[in-house]
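Comments concern the structure below.
No value in this document is a laboratory result; all are computed from the given coordinates. Just so we're clear, the structure is a prediction, and the values are computed from it rather than from any experiment. Here the Cβ is made from the backbone with ideal geometry for all residues, glycine too, and neighbour counts use every protein chain on show.
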Amino acid sequence: MLKGLFAKKKENGLDKNKLNIKDLDPLNIPKHVAIIMDGNGRWAKQKGLPRIAGHREGMKTIREVARVANEVGIKILTLYAFSTENWKRPQDEVKFLMDLPQEFLRKELDELIEQNVQVKMMGFDQQLPEHTLNAVHEAVEKTKQNTGLILNFALNYGSRYEIIYAIRNIVDDVLAGNISKDEIDEKLMNQYLLTKSYPDPDLLIRTSGELRISNFLLWQIAYTELWYTDEFWPEFNKQSLLQAIYEYQQRSRRFGSL
Ligand code: FPP
């Protein structure tokens, strides 16, 4: 985008728009990066294309970002692919989005396996069409022995519902006598969330210039570093991810301490 050109900055002789992986501190790579992939529709509109063309282009961005994330040494990449609120979109668009995981995995699964990537899904199965779930489950199964990047798709995910779901399960376990009320603390809560196997995100990226969290990982981002870009998701690329990580590395994380 034009704004990006003017935002070009040099810091200590380093051009932030021309970063290489070797410009990053290998000892301070964010372990868990979460991304709100926004702006597919606006990208398409700007080009006079239907919204779904933006989603298809956004799928290509996922391929590149996963490859770079793996190369850089990020351990978990959580992508907000479909929220519990996205069902409110026109039926055609929802159908198209529900077909995308199948299309993406048909094209990319072999390469993801080759790159040692583990595909995971985080979300609520109910409502998701069978073909969408089957495609994702097959990818999860075929990549479960891999040890590289965890590519975690948030699909039919909503944070408020996730928290309610956790509370219901905790209450069930208290009533069943499996745990006592006094055992409920942050650590226990983490175990009842869909992210129970992962550390909290270190870095949350949102594209398209919107400054919102949109019901994504509300509990988990308590101390996450936030990074926003005006680029629409289909424009986001290797350089954008390197810049986000570079800027993350310039920050001092204090977790409430001094
Ligand atoms: C937000 O853009 C994007 C989404 C709701 C969908 C994101 C999905 C993908 C990038 C592809 C998913 C692919 C796989 C493999 C799961 P928007 O439509 O809200 O854009 P707008 O704000 O400009 O309208």
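Please tell me if Y161 is in contact with a strand residue (DSSP E or B) (Cβ under 6 Å, 6 or more places away or on another chain), touching a residue at least 40 places away in the same chain (Cβ under 8 Å) and assigned to a helix (DSSP H, G or I). Here the answer is no, as Y161 does not meet what is asked. Looking at D99, D92, just one residue is in a helix (DSSP H, G or I), within 12 Å of the ligand (Cβ to nearest atom) and over 15 Å from R63 (Cα atoms), and that residue is D99. Just one residue in the set G73, G48, G58, G54 is in contact (Cβ under 8 Å) with a residue 40 or more places away in the chain and more than 11 Å from the ligand (Cβ to nearest atom); that residue is G73. Taking the criterion of being part of a loop (DSSP other than H, G, I, E, B), out of contact with any His (no Cβ under 8 Å at 6 or more places or on another chain) and in contact (Cβ under 8 Å) with a residue 40 or more places away in the chain, the residues of the range 195-211 that qualify are T195, T207, S208, G209, E210.
Select from the range 214-254 the residues that are among the aliphatic types (A, V, I, L, M) and free of Cβ contacts under 8 Å to residues at least 40 places away in the same chain and list them in ascending order.
A222, L226
Out of V119, V140, one residue alone is out of contact with any His (no Cβ under 9 Å at 6 or more places or on another chain) and either in a helix (DSSP H, G or I) or hydroxyl-bearing (S, T, Y) (or both). It is V140.
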